[in-house]
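Step one of this worksheet: look at the structure below.
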């Protein structure tokens, strides 16, 4: 199956703007999902010599500290694509020089890892906000060593389905861009060169005391990136109408003010590169070194 490289219902300009203005904190839901991802590491025996955290500030700084403790002897790369997020990551992670933990810690770099340099790439709740997800997967693939693995999570299609239905009932433009199904993520991983993708999902239902609190939490999590969204700022009257519609719809559904979040989890290995011999063949230096070195011997 061929997957479009760029999501057709996601406006890249809106995504870039959100990346620049998003709060420099990890939302509660992101930390919760990161914690559940952390539980999955118990099934992976590989102890990385080097690992990368992609989007640590929004992805979960509390979980970053736990990962750094788990892999305290491993070199770490923290990747933030915007200056303000990089500064926030440095301020949160780097300890004063007189702190003994700083003396014993393995080095942490705040930059892209070199090609084929890390054994694990961790990316929590970032992929669904990428304007070019296949290009992002390719970056992850490039950073990993052969037999290294990626672990990621993102939002799935059932996310905020209640809000989408309210917008449809009111005749408004879509409440958000269409999110990718976990099976399509698996296909894209395979197309990018990953092997043995393992995908699973769960639904988390959050309840709220008021529509105002519900909308405030959504504003912390992201924005509407759909190209057909409202093209101008909405006023107080529109917000009041939305809050009334949310309360009315949710009360009709059973009285609970709730939103569904579909969480997709993915794990995949970087397979050894395939060499096709023809009239002219070329292999990158990093790939050739991986082929010659081969996988580490089993204990």
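Every number in this text was worked out from the coordinates using simple rules, so none of it is lab data. In this text, all values refer to a predicted model and were calculated from it rather than measured experimentally. When we count neighbours, we look across all protein chains shown, and the Cβ atoms used for this are built from the backbone with ideal geometry, even at glycine.
Relative to the longest principal axis of the Cα atoms of the chain, the long axis of helix 83-93 makes an angle of roughly 70 degrees. The long axis of helix 12-21 is offset from the longest Cα principal axis of the chain by roughly 90 degrees. Dividing the alpha-carbon radius of gyration of the stretch 117-269 by the rule-of-thumb value 2.2 N^0.38 Å gives 1.21.
The gain in end-to-end length when the residue 215 to residue 81 segment is fully stretched comes to 45.5 nm, 0.36 nm per residue minus the alpha carbon separation.
Our estimate of slack between residue 28 and residue 258, defined as 0.36 nm per intervening residue step minus the Cα-Cα distance, is 81.2 nm. Here the label points at residue 70 and residue 249, each 7 Å from Cα along the C-beta direction, are separated by 3.7 nm in the simple model. Tally the DSSP beta bridges in the chain and give the antiparallel ones as a percent, rounded to 5. Percent antiparallel among DSSP bridges in the chain is about 55. Remark: the residue 20-residue 46 segment gains 5.9 nm on full extension, using 0.36 nm per residue and subtracting the alpha carbon distance.
Calculated [222 nm] ellipticity per residue, helices only, for the chain: -12000 deg cm²/dmol; basis is -39500 (n - 2.57) per DSSP H run with n ≥ 4, divided by all residues, nearest 500. If you look at the Cα atoms of the stretch 1-76, you get an Rg and a Dmax of 15.8, 42 Å.
Expressed as an acute angle from 0 to 90° and rounded to the nearest 10, what is the orientation of the C-alpha long axis of helix 133-143 relative to the principal long axis of the chain? Result, in degrees: 30.
Please find the FRET efficiency linking residue 132 to residue 198, where r is the Cβ-Cβ separation and R0 is fixed at 30 Å, and quote it to the nearest 0.05. With a Förster radius of 30 Å, E is 0.80. Listed peptides 127-135, 47-55 appear in the order 47-55, 127-135 once ranked by packing, highest mean of other Cβ atoms within 10 Å at the front.
I need the calculated FRET efficiency for the pair residue 232 and residue 147, taking r as the beta carbon distance and R₀ as 51 Å, to the nearest 0.05. Provide the component values of the computation, followed by the final result.
Details: r = 51 Å, r/R0 = 1.00.
Approximately 0.50, to the nearest 0.05.
With coordinates expressed along the principal axes, the C-alpha atoms belonging to the stretch 141-222 extend over 49, 25, 20 Å, beginning with the largest.
A simple packing score, the average count of other Cβ atoms within 10 Å per residue, orders the peptides 175-183, 85-93 as 175-183, 85-93, with the highest score first.
Note down the Stokes-Einstein diffusion coefficient of the stretch 53-193 in µm²/s, whole number, using a Kirkwood radius over alpha carbon pairs, 25 °C, and 0.890 mPa s.
It comes out at roughly 144 µm²/s.
Taken along its three principal axes, the alpha carbon spread of the stretch 138-189 comes to 51, 15, 15 Å, from the longest extent down to the shortest. In terms of the mean number of neighbouring beta-carbon atoms within 10 Å, the peptides 113-120, 231-238, 150-157 order highest first as 150-157, 113-120, 231-238. Pairwise inverse Cα distances across the chain, averaged and inverted, put the Kirkwood hydrodynamic radius at 20.9 Å.
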